[in-house]
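A short write-up of the structure that comes next.
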Amino acid sequence: MIKILLERKVEKKKLDALVAKLNDLRALALRQPGYIAGETFFKEEDPVDVLVISTWLSEDYWEAWTNSEKAIEINDSINSLIIGEAEINTYYTAQGVGITYE
């Protein structure tokens, strides 16, 4: 299992439009193989920091989704709203990187 953390910055005046696009993206992700869950967090500043955390069964599922035509289309519209580029980080469970607990 993996967690994808996507961090974006948006001006407050564009926040509602961004949230609508994120909702569209999540609605589609819900129907994708390997998608488990997603959460969105906001840090109230101007610009607003937006953190999306999504959980996938594997990186392969995430890659298939993020490279799909529909995801690219919505992400392009999201990118037109944000400041700079989204920062994307992938985190793996301990099992995913070969760590065992005793």
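The values are calculated or read from the model by the stated rules, or taken from the named source; none is laboratory data. Just so it is clear, the model here is predicted, and its values are computed rather than measured. Cβ placement follows ideal geometry from the backbone for every residue including glycine, while neighbour counts extend to all protein chains displayed.
Does segment 71-82 include one or more residues that are surrounded by 10 or more Cβ atoms within 10 Å (Cβ to Cβ) and closer than 16 Å to residue 3 by Cα? Checking segment 71-82: not a single residue is surrounded by 10 or more Cβ atoms within 10 Å (Cβ to Cβ) and closer than 16 Å to residue 3 by Cα.
Scanning segment 47-67 for residues being of a type outside the set (S, T, N, Q) and out of contact with any Lys or Arg (no Cβ under 7 Å at 6 or more places or on another chain) gives a total of 11. In summary, residue 17 fulfils each of the numbered conditions (1) of a type in the set (Gly, Ala, Ser); (2) more than 17 Å from residue 92 (Cα to Cα); (3) surrounded by 15 or more Cβ atoms within 10 Å (Cβ to Cβ) with the single exception of condition (3). Tell me, yes or no, whether segment 65-73 has at least one residue that is touching a Phe, Trp or Tyr at 6+ places or on another chain (Cβ under 8 Å) and modelled with pLDDT under 95. No - not one qualifying residue is present in segment 65-73. Of all residues in segment 26-54, those satisfying the criterion of being at pLDDT 95 or above and of a type in the set (A, V, I, L, M) are 27, 28, 29, 30, 36, 37, 50, 51, 52, 53. Taking every residue in segment 1-30 that is small (Gly, Ala, Ser) and pairing it with any residue that is in a helix (DSSP H, G or I), at least 6 positions away or on another chain, the pairs with Cβ-Cβ distances below 7 Å are 29/65.
Screening 78, 88, 83 for residues that are at negative phi, in contact (Cβ under 8 Å) with a residue 12 or more places away in the chain and in contact with a helix residue (DSSP H, G or I) (Cβ under 7 Å, 6 or more places away or on another chain) leaves exactly one candidate, 78. The set of residues from segment 37-79 being assigned to a strand (DSSP E or B) and of a type in the set (A, V, I, L, M, F, W, C) comprises 37, 41, 42, 48, 50, 51, 52, 53, 56.
Give the residues of segment 3-30 that are in a strand (DSSP E or B) and either over 12 Å from the mean Cα position of the chain (by Cα) or within 10 Å of residue 81 (Cβ to Cβ) (or both), sorted by residue number. Within segment 3-30, 8, 9, 10 meet the criteria. Taken over segment 91-102, the criterion of being touching a residue at least 60 places away in the same chain (Cβ under 8 Å) and outside any helix (DSSP H, G or I) is satisfied by 91, 92, 93.
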